[in-house]
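Engineer: The structure's right below; bear with me while I get my questions together.
The values are calculated or read from the model by the stated rules, or taken from the named source; none is laboratory data. Everything quoted here is computed from the prediction, not taken from an experiment. Here Cβ is always computed from backbone atoms with ideal geometry, including for glycine, and neighbour counts include all displayed protein chains.
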Amino acid sequence: MSETIAFPYKPDDYEAEKASNSYLMSVVAVIAGLPLPIINLVATAIFFLGNRKGSYFVRWHCTQALLSQLTVLGMNSAGFYWTLSIILANKSLTNDYIAYMITIVLFNLVEFVATIYAAIQTRKGKHVAWWFFGPLTETICKP
Amino acid sequence: MTDKILTHFAVLLISFFAVWFGLSHVKFIDQEELRGFAKDNEKRLGELILESITTTSEKIKNEKIHAVIDSIKVRICRTKAVDCDKIKIHIIRNSEINAFALPDNHMVIYTGLIEYAANPEEVAGVMAHEIGHMEKNHVMKKLVKEIGLEMLFAIAGGDAGHEIVRQTGKTLSSGAFDRKQEREADGYAVETLALSSIDPQHLGNLFFRLSQKHSIPEALAWISTHPDSKERAADIIKKKKEFTFGSDPVIKTAWEQVKNMLQDEGSVVSTETTPGPAAR
C-alpha cells in the first residue's frame, strides 16, 4: 500500500512539517466538506499551489496528496451525482447504487488511513511513497 | 517507470470494479419485494383517498353515464396499449371543473367538467392528460415529494388520521404537478388523442376557454392545477401538427343528452353513506 523509501537528501524539520501539512490539509477538508466531494481537492490544490516553489521534499508530498485527492474526487463525484439523481430526478434505488456507495466509502477509508499514516511519517522526515501514486508522483515531480 | 504506473493503475481500477461488482451481487434491496410493497401501499393509499372523497361527495352511479365515459377511456387506452381495466373512473358530483388522478390508477372526474365541456372530445383530452400522469407515475412522485415517504407509509398503514388522508387527496385535486410533468402529460395526451383519431385541438380549446374564464370560481379548479394554460394550448396546437389523424366521433350519444342524464341523476341520487376510515 505504501512504503518508506530513501529520499535523495534528508529533509529538515521545517520541510517535514510542510510536507506533513499537505496530507493534513486534505484530512481536515474532508471533515469540513464531507457532503461536497470538491472541497478537499480545492484545499489540497491551494496548498499545492502555495508550495509549488518549495523544496523538492515538500513539492513531492504535495503532489502525491493532490493526485490521491483527484482520484478520490472522481469516485466521489460519480457517487454524489448518482445520489442527486435518485433524490431529485426520481431514479430508483438499486443494488448497484448501494454497492457503489459502499465501495467508495471503503476506498475513501483506505485513502483516509493512508493519508494519516503519510502525515505522521513525513512529519518524522520519512519519505512515504504510496502504491501507484508514488511512482506517478516520481514521474511528475522533478528535483 | 511508466510500466509500473500502468500496472498499478490497472490493478487499482480492477480492484475498484471487482469490489463494486462483488458487492452489487449482495441483495441489499429485493426489487420484486420492493415493487410489491410499493404496489400494495399505493393501492391502499388510492382506496383511502378515494374513500375520503366519496364520503363527502356524491358518487354518480348512472350506468349510462359510466358507459359513455368508459367508452372514451377504452378508446384512449387501446391506442397506447394501456390496460383499460386498471384505470378506475369515478364520477363525483361537484360543480368544480376538475379531474385528477389518484394512486393506483383511480381517476376522479367531477360533474362540473362534463357539464362545462363543449363536446366529449374535450373530456377525452382531459382524460388522456390524466392517464398521461398515471402512465408516467407522476402521482406517486408528487405525493412522495410533497407528503413524504414516511407519511405515505403511515397513511397506507392506517396510522394517519382522516384529516391527513383528506389533505393528501386535496394535494392531488387542487395542487399542480410541476411544469415538466404537466408538459409530459400534455405531450402524452396529444399523441394518444391523435392516435385515437380524436383531434387534440379540442384539449387546446378547453385550456384556452378555461384561461379566459378566471371570473368563474368553478373554472379555477382545473386551471389552478394546470397553470400557463394559454401557452399550453398553443403548445398542444403546435404539437398536434406532428401527427396525421382522422377525426371520428368519440361517442354516438349526443353530448347534451349525457349532460341531461347528469342533471336527472342529480335529482334522484342521494349522497353516498360509506363510512370513512375515521368512522370505522
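Engineer: Could you list, in sequence order, the residues of the range B:60-91 that are in a strand (DSSP E or B) and more than 24 Å from B:Asn41 (Cβ to Cβ)?
Structural biologist: Within the range B:60-91, B:Ile91 is the sole residue that qualifies.
Engineer: For the range B:1-22, which residues satisfy the criterion of being exposed (fewer than 14 other Cβ atoms within 10 Å of the Cβ), farther than 11 Å from A:Phe132 by Cβ and either within 7 Å of another protein chain (Cβ to nearest Cβ) or at pLDDT 90 or above (or both)? Before you say what the answer is, go through the steps one by one.
Structural biologist: From the range B:1-22, those exposed (fewer than 14 other Cβ atoms within 10 Å of the Cβ) are B:1-3, B:6-7, B:10-11, B:13-15, B:17-18, B:21-22; that's our starting set.
Checking the rest, the ones that are also farther than 11 Å from A:Phe132 by Cβ come to B:1-3, B:14, B:17-18, B:21-22.
Residues satisfying the conditions are B:Met1, B:Ile14, B:Phe17, B:Ala18, B:Phe21, B:Gly22.
Engineer: Sticking with this structure for a sec: Can you name every residue in the range A:129-140 that is farther than 17 Å from A:Thr44 by Cβ and part of a strand (DSSP E or B)?
Structural biologist: Result: A:Ala129, single match.
Engineer: Got a sec? Which of A:Ser22, A:Ser85 is surrounded by 14 or more Cβ atoms within 10 Å (Cβ to Cβ) and modelled with pLDDT of 80 or more?
Structural biologist: From the options A:Ser22, A:Ser85, the qualifying one is A:Ser22.
Engineer: Looking at (1) among the aliphatic types (A, V, I, L, M); (2) modelled with pLDDT of 75 or more; (3) within 23 Å of A:Leu106 (Cβ to Cβ), find the lone condition where A:Leu49 falls short.
Structural biologist: (3)
Engineer: Now, a different point. Does at least one position in the range B:23-31 carry a residue that is polar (S, T, N, Q), more than 14 Å from chain A (Cβ to nearest Cβ) and crowded, with 16+ Cβ neighbours inside 10 Å?
Structural biologist: The answer is no; no qualifying residue exists.
Engineer: Find the residue count for the range B:101-115, including only residues that are touching a residue at least 60 places away in the same chain (Cβ under 8 Å), within 14 Å of B:Ile91 (Cα to Cα) and not small (Gly, Ala, Ser).
Structural biologist: Residues of the range B:101-115 that are touching a residue at least 60 places away in the same chain (Cβ under 8 Å), as a first pass: B:101-104, B:106, B:108, B:110-115.
Still in the list and also within 14 Å of B:Ile91 (Cα to Cα): B:101-102, B:106, B:108, B:110-115.
Remaining after also requiring not small (Gly, Ala, Ser): B:102, B:106, B:108, B:110-111, B:113-115.
Of the residues in that region, 8 qualify.
For every residue, the table says whether it meets (1) at pLDDT 90 or above; (2) surrounded by 18 or more Cβ atoms within 10 Å (Cβ to Cβ).
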| residue | (1), (2) |
| --- | --- |
| A:Leu106 | yes, no |
| A:Phe112 | no, no |
| A:Tyr117 | yes, no |
| A:Ile120 | yes, no |
| A:Arg123 | yes, no |
| A:His127 | no, yes |
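Engineer: Please enumerate the residues belonging to the range B:1-28 that are in a helix (DSSP H, G or I) and aliphatic (A, V, I, L, M).
Structural biologist: Within the range B:1-28, B:Ile5, B:Leu6, B:Ala10, B:Val11, B:Leu12, B:Leu13, B:Ile14, B:Ala18, B:Val19, B:Leu23 qualify.
Engineer: While we're here: Residues B:Ala189, B:Ala160, B:Ala118, B:Ala128: which one is assigned to a loop (DSSP other than H, G, I, E, B) and within 25 Å of B:Val258 (Cβ to Cβ)?
Structural biologist: Of the residues listed, the single one that is assigned to a loop (DSSP other than H, G, I, E, B) and within 25 Å of B:Val258 (Cβ to Cβ) is B:Ala118.
Engineer: Being hydrophobic (A, V, I, L, M, F, W, C) and without any contact (Cβ under 8 Å) to a residue 40 or more places away in the chain is the filter here, so list the residues in the range A:97-113 that pass it.
Structural biologist: A:Ile98, A:Ala99, A:Met101, A:Ile102, A:Ile104, A:Val105, A:Leu106, A:Phe107, A:Leu109, A:Val113
Engineer: Is it the case, given these coordinates, that B:Asn94 is modelled with pLDDT under 90, farther than 30 Å from B:Gly187 by Cα and among the polar types (S, T, N, Q)?
Structural biologist: Criteria not met by B:Asn94.
Engineer: Another question, if that's okay. Go through (1) under 17 Å from the mean Cα position of the chain (by Cα); (2) within 14 Å of another protein chain (Cβ to nearest Cβ); (3) touching a residue at least 12 places away in the same chain (Cβ under 8 Å) for A:Phe132 and report which single condition fails.
Structural biologist: With (1) under 17 Å from the mean Cα position of the chain (by Cα); (2) within 14 Å of another protein chain (Cβ to nearest Cβ); (3) touching a residue at least 12 places away in the same chain (Cβ under 8 Å) applied to A:Phe132, the lone miss is (3).
Engineer: In addition: Out of B:His133, B:His129, I need the residue that is closer than 19 Å to A:Lys91 by Cα and at pLDDT 80 or above. Which one?
Structural biologist: Going through B:His133, B:His129 in turn, just one is closer than 19 Å to A:Lys91 by Cα and at pLDDT 80 or above: B:His133.
Engineer: Kindly check whether there is at least one residue in the range B:154-173 that is under 19 Å from B:Met107 (Cα atoms), without any contact (Cβ under 8 Å) to a residue 60 or more places away in the chain, surrounded by 21 or more Cβ atoms within 10 Å (Cβ to Cβ) and within 12 Å of the chain's Cα centre (by Cα).
Structural biologist: Residues of the range B:154-173 under 19 Å from B:Met107 (Cα atoms): B:156, B:165-173.
Okay, now just the ones that are also without any contact (Cβ under 8 Å) to a residue 60 or more places away in the chain, so B:167, B:170-171.
Next, only the ones that are surrounded by 21 or more Cβ atoms within 10 Å (Cβ to Cβ) stay: none.
No - not one qualifying residue is present in the range B:154-173.
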